[in-house]
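In what follows, a single structure is set out as structure tokens and then discussed.
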Amino acid sequence: MSLFKRSRKHISIALLGLASMMASSFVIANESTAMVGSITDLQTVLSANNIVRGEFTQTRNMEMFAQPLTSQGAFLLDKSNGLLWTQTTPFPVRLVLTDNKLSQRFADQPAKIITDKENPMAFYFSHIFLSVFHGDTQKLQEQFALDFEPATVTSSDENTENKSWTLTLKPKSAPMDAVFEAITLQGQNDIERIELREIRGDSTVIEFSQLSHLPEVLSDAEAQQFQL
């Protein structure tokens, strides 16, 4: 089995988790009442946060299954240490992603750990999205064609409606274009939805909720989980 094929099962994990980094960045726009009206605004808010906690609902549609696969859980992102992605339903899974290691544990089984040297493809994908988290939209534009639609407000005598902004990323070259057709982010004051559409027809939608930056520091137990 090729390195690329062995990496596929880890790529979505890395991207889905790192997408939460992008989600956490947009919370800053909500707290400061800033408007994300351009790629320049986007770059500013993406570099602002240090830590975020929240909940997620992930829905995966696969051509081989008639019904979508849905999972839920919580995540913790720390800018200095990495990401904790804890699935609670339909069965427990804990993922820990750092700059150079990925740990995956099902229920009470021993954790399986891979490194960037063992599976460089998975970490290639995660590092691309780390550049987004640090506000490096120039790096993002090297890999994707960006289509940004700012939020709009429509008013009538009866009500005011806010339309979400949308950022669509379309891969321009390998290896991204071999996996994804497009990655779409949507939200208003913060990101609310991410969709990953794959070349082979599968798709994944992640919805974030209960986002918070408090507490602003990790507990001892949280910090210990990053010690892989």
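The values are calculated or read from the model by the stated rules, or taken from the named source; none is laboratory data. Source: prediction; values computed, not measured. As a convention, Cβ positions derive from the backbone with ideal geometry for all residues, glycine included, and neighbour counts pool all protein chains shown. What goes into the accessible areas is simple: the full protein's heavy atoms, side chains included, and nothing from ligands, DNA or RNA. Shrake-Rupley method; radii C 1.70, N 1.55, O 1.52, S 1.80 Å.
Here are the numbers:
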read-out	value
For E181, residues with placed amide H under 5 Å, excluding near neighbours	R197, E198, I199
Net length gained if the chain between T115 and A221 were fully extended (0.36 nm per residue, minus Cα distance)	35.9 nm
Nitroxide proxy distance, nm - points 7 Å out along Cα→Cβ at H127 and S164	3.2 nm
Karplus 3J(HN,Hα) series, Hz, for region 87-98 with 6.51 cos²θ - 1.76 cosθ + 1.60 (x for Gly, Pro)	7, 10, 9, x, 8, x, 9, 10, 10, 10, 10, 10
Region 69-129, relative contact order [Cα under 8 Å, separation at least 6], %	19 percent
Accessible area in square angstrom per residue, region 52-134, 1.4 angstrom probe	52 Å²
Protein-only accessible surface order, largest first, of K139, K172 at 1.4 Å	K172, K139
Potential extension, R193-T152 segment - 0.36 nm per residue separation minus Cα distance	13.0 nm
Cβ-Cβ FRET estimate between Q210 and D99, R0 fixed at 22 Å, reported to 0.05	0.25
Rel. contact order, % - alpha carbon contacts under 8 angstrom, at least six apart, region 165-220	24 percent
